[in-house]
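Worksheet for the structure shown next.
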Amino acid sequence: MSHTPSTNTEATIVEKVIDFVDERIGLKLLAAKMLNEPVPGGSRWAYVFGSVLLFIFIMQAITGVLLMFYYVPTADHAYASTQYILHDVDYGWFLLSYHFWGSTAMVVCVFAHMSQVFLWGAYKKPRELIWLVGLALFGIVMGFGFTGYLLPWDQRAYWATTVGVEIMDKTPVIGDFIARFLKGGATPGQMTLSRFFVIHVMVLPAALMGLAGLHLFLFRSAGPAGPFRGTPEELKAKTDYFFPRQIWKDIVGMATVFACICALAFWEPVVLLEEATPDPGDYHPEPEWYFLFLFQLLRLKMFSGELGQFVGAMALPGAFMALLAALPFIDKDPERNIFKRPIALIGWVVVMAAILIFTISAIINREFLD
Amino acid sequence: MTNERESMCPSQLGLGILWPAFWTGLPIKLVFVLLFLSLGMVHFETRIGLAFLMLLASPVTVFALPTITFGLESHIGEGVGIALLFLLAIPIDIWALGVVGRTFFLERLKREPQEGLGLTLWWKCALVGGIFLPILWLAVSFTTSTAISTVHSLFETDLLKVVPVAEKISIELVLWGTVATGVLLLLTVAGFWLVGKFIGGTVESARPASENYQGLITRWDLMRVPADQGLMLAALTGGAVVLSLLFWSSLPVFTPHPHECCKKPEVKAEPAFKPLDTLNKDEKMLAQLAVQVEALEKQQAEAQAANSKSKGKGQAGKDAVKTPAAPAPVPPDAKKP
């Protein structure tokens, strides 16, 4: 009878479990492929936005599921159940406020991520598909914000949705259908709430998961673009693997965003207005802050009237989105350095300045309404 | 390439060191912010963006904040946590400036970083910030308020009074915003220039590095890797667990009340008109009134019956007839629509 001599390097239980899984699904190879991706020019803080967005989405899903344990998506109980979460459920105020500010953080990070990709010229060949899928993800994030805003069923929610649906109504051909489909009746009511709820918790998360997976797959296929300047000597000297430095930066980025969202939840916890009714009273309806610039734009005289409203609400944003989608196919110059692409740089500055100016104008405009 | 780096202007030098140092220290400072918020030691006012900037730029705002708060009476919030936060920021900033400074000296300046570089850079930055930032604050505040009033009075003239409100707001904002942002940017660049000039001596006194570029990159890269990675990982995990437990144990179960200083303006909405409730109330009122009318009719009928019975009984019987009781008042709630 032969005995295997015992050695000090005997596998621990964790290692045995890992080996067991590895034998069946090739875990170690998968991990190596995921982590050993070379990052041209080395890790950078500018690259953390994608991972941060994934983190925010996961946190939104977790807090959203916890909120759903108490939330009742009916016109009779939505408001009361939200008030119950805010005032009676232990830590309910924090969960709801985190979820609310998390949605804001998601929009901010999407803007930052898109700006980084645009300024770095990372949408150019061979990364056109990544850019296009990213644009679709941007639309989904906006959809999350729009559908989630109605759920508390207070005056703010009701009227923001009414304004938003009216804007959609101006879309030629399909506008009327979309508006009727979303509202499910002449005025927002139970059908609207049910539809927004289903879109918010079922349709959009599924779409986002699918598209985010595709986005990551395309990104790994094409590889990171790397910095837009630096000599080949510098890039070679600094090139590093995804693990550990970029992962470390991503973790720090996630922790920073988490702390910021929590701090905002403390600074301004969610407070509901009166329950939704078809009478706005003294309340001046306005959409969520990231749509404020568009809302203010529509107040300009040049966008008054049926045609003006259509141009301001649909034609301009539609043309802008179409331009963004066509960007990799229009801009075929391989130059990625933003300081050597003056049109792109000026265009980005103008768009950001316009969004900022009209958003602040909308806030100042509140004084004239009160 | 080397000459370009060696001839770096003071504003580039100041920006190149301060900007990454701001962000390097921020995540650690934010952990303390969160902890103090959950413990109720800090209450930020409505200008949270300003509070964020102050904390982000704590290597230069640490001495400037007391001057701005007490001297210029411009608060960012209340609570003992704010002072504590900026005190805690000092060692964090010294560490952050040290990490960033060593990297910057090796990679960008090709010079050997000295011992205690973090502390040297910190006191120089804090001193410049302590003197320059209150001046910047005053200048920008004065320029902004003057620009706002000038632009506002411009739009009060008869010629421009006809401009619609939405257009007027945006044009006014662009006009005074451009002036204010221009002055702010100019002074910020001047601030970076001052910092760069002040730390220029430290750069001059550093020995040039002898290695080639690859060697320098490897050095600063390895500088960021802890000597004992296991210990570092264990310490970080332990710290994260302790902080998470502290946070959850101090997190208020119900919505914390804002400090007196930091109450948000209440968004008022007209009392809601609830058609169903109103109909129910009206129905109740009608039912009550119907009961009262019925009671009155019954009383009247009884009185009439008693009257007709007592007709033949003479004068004595007349005294027995009583006036019907006054109807009970309708409850005020029922009268409301």
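Derivation of every value follows stated rules applied to the coordinates shown; laboratory data play no part. Computed from a predicted model, the values in this text were never measured in an experiment. Glycine gets a Cβ as well: all are built from the backbone with ideal geometry, and neighbour counts include every protein chain shown.
What the table shows:
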quantity	calculated
Inter-chain shielding of B:23-31 (mean C-beta neighbours from other protein chains, 10 Å cut-off)	4
Amide hydrogen neighbours beyond the local backbone of A:Asp154, cut-off 5 Å, H modeled	A:Ala276
Inverse mean reciprocal Cα-Cα distance (Kirkwood Rh) of the stretch A:67-179, Å	16.5
Chain A: calculated mean residue ellipticity at 222 nm from DSSP helix runs of at least 4, using -39500 (n - 2.57)	-21000 deg cm²/dmol
Order by protection proxy (mean Cβ within 10 Å, highest first), peptides A:219-226, A:14-21, B:246-253	A:219-226, B:246-253, A:14-21
Sequence of A:Thr12, A:Thr359, A:Thr192 once ranked by neighbouring C-beta atoms within 10 Å, starting from the fewest	A:Thr12, A:Thr359, A:Thr192
For peptides A:202-209, B:229-236, B:168-175, sequence by mean Cβ density within 10 Å, most packed first	B:168-175, A:202-209, B:229-236
Distance cut-off 19 Å, percentage of C-alpha pairs in the stretch B:197-261 lying past it	69
Percentage of interatomic Cα-Cα distances in the protein assembly as shown larger than 48 Å	30
Alpha-carbon gyration tensor eigenvalues x 5, square-rooted, for the stretch B:104-168, Å	49, 16, 7
Other protein chain Cβ atoms within 10 Å, averaged over every residue that makes up A:272-285	4
Intensity falloff of the stretch A:147-212 expressed as log10 I(q)/I(0), Debye formula with alpha-carbon point scatterers, at q = 0.13, 0.14, 0.26, 0.27 Å⁻¹	-0.36, -0.42, -1.11, -1.15
Inverse of mean 1/r across different Cα pairs in the stretch A:278-370, Kirkwood, Å	15.6
Amide hydrogen neighbours beyond the local backbone of B:Arg111, cut-off 5 Å, H modeled	B:Leu106, B:Ala209
Residue exposure sequence - B:Cys9, A:Cys109 - by fewest surrounding Cβ within 10 Å	B:Cys9, A:Cys109
Cut-off under 5 Å, modelled amide H: who pairs with A:Tyr241 long-range	A:Val39
Shape parameters for chain A, alpha-carbon atoms, Rg then Dmax in Å	24.3, 96
Per-residue HN-Hα couplings for the stretch B:293-298 [Karplus 6.51, -1.76, 1.60; θ = phi - 60°; Hz; x = Gly/Pro]	4, 4, 5, 5, 4, 5
Average other protein chain Cβ within 10 Å of Cβ, residues A:249-258	3
At least 15 Å along the helix axis (C-alpha) and Kyte average at least 1.0, DSSP helices within chain A	A:49-68, A:92-119, A:128-150, A:204-222, A:247-267, A:316-330, A:342-369
